[in-house]
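Visitor: Dropping the structure in here first, questions after.
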């Protein structure tokens, strides 16, 4: 009985941490810093030479730090809400699937990077800024509005294709052979 009470108290403690506003602010700050680190990384270094490009070495270490931070966030949320079984569990929310996918890819990259060079997994780091959609409700509204407007956007694209076609035909007729 005492163990169950202790477990329930620990879960309430985790829920209090995860639902704290400071926790969300720290996560948003980490997401912004991670996005900046992805933006300033020099992808022209094909050999991963840490001596030649010291900035990339620092950014790689920052990427490992961000991976551990996001793994810790995932573990805290799974500990607070449960994984699948509970009605409000971690994977019952669709936005958490993206977070969990990013964490799994980070774990694969961290564990298998010494054995096999998995440079292709680095491209999935781009999904990390999508974690901010879960933390910012206004961004979630904007994304859902964007997705709902995509079918209507096809008519605008079709209209622009017709306009470009008309002006290209007009340009061909107007400038035929002038530049030679």
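Visitor: Mind checking whether some residue in segment 103-122 is outside the structural domain of residue 33 (by TED's automatic domain parsing), modelled with pLDDT of 80 or more, surrounded by 10 or more Cβ atoms within 10 Å (Cβ to Cβ) and out of contact with any helix residue (DSSP H, G or I) (no Cβ under 8 Å at 6 or more places or on another chain)? Walk me through how you get there before you give the answer.
Guide: Here is the first cut: in segment 103-122, the residues outside the structural domain of residue 33 (by TED's automatic domain parsing) are none.
No, the conditions are met nowhere in segment 103-122.
Visitor: Only residues that are in contact (Cβ under 8 Å) with a residue 12 or more places away in the chain and exposed (fewer than 15 other Cβ atoms within 10 Å of the Cβ): list them for segment 49-59, please. Break it down into steps so the answer makes sense when it comes.
Guide: Let us first name the residues in segment 49-59 that are in contact (Cβ under 8 Å) with a residue 12 or more places away in the chain, namely 55-56, 59.
Residue satisfying the conditions is 55 alone.
Visitor: If you don't mind, there's one more thing I want to ask. Scan segment 1-28 and report the pairs whose first residue is outside the structural domain of residue 77 (by TED's automatic domain parsing) and at pLDDT 85 or above and whose second residue is part of a helix (DSSP H, G or I) and loosely packed, with under 12 Cβ neighbours inside 10 Å, with Cβ atoms within less than 7 Å and a gap of 6+ or a chain change.
Guide: none
Visitor: Would you pick out the residues in segment 70-99 that are surrounded by fewer than 17 Cβ atoms within 10 Å (Cβ to Cβ) and in contact (Cβ under 8 Å) with a residue 12 or more places away in the chain?
Guide: 71, 76, 93, 95, 98
The values are calculated or read from the model by the stated rules, or taken from the named source; none is laboratory data. In this text, all values refer to a predicted model and were calculated from it rather than measured experimentally. When we count neighbours, we look across all protein chains shown, and the Cβ atoms used for this are built from the backbone with ideal geometry, even at glycine.
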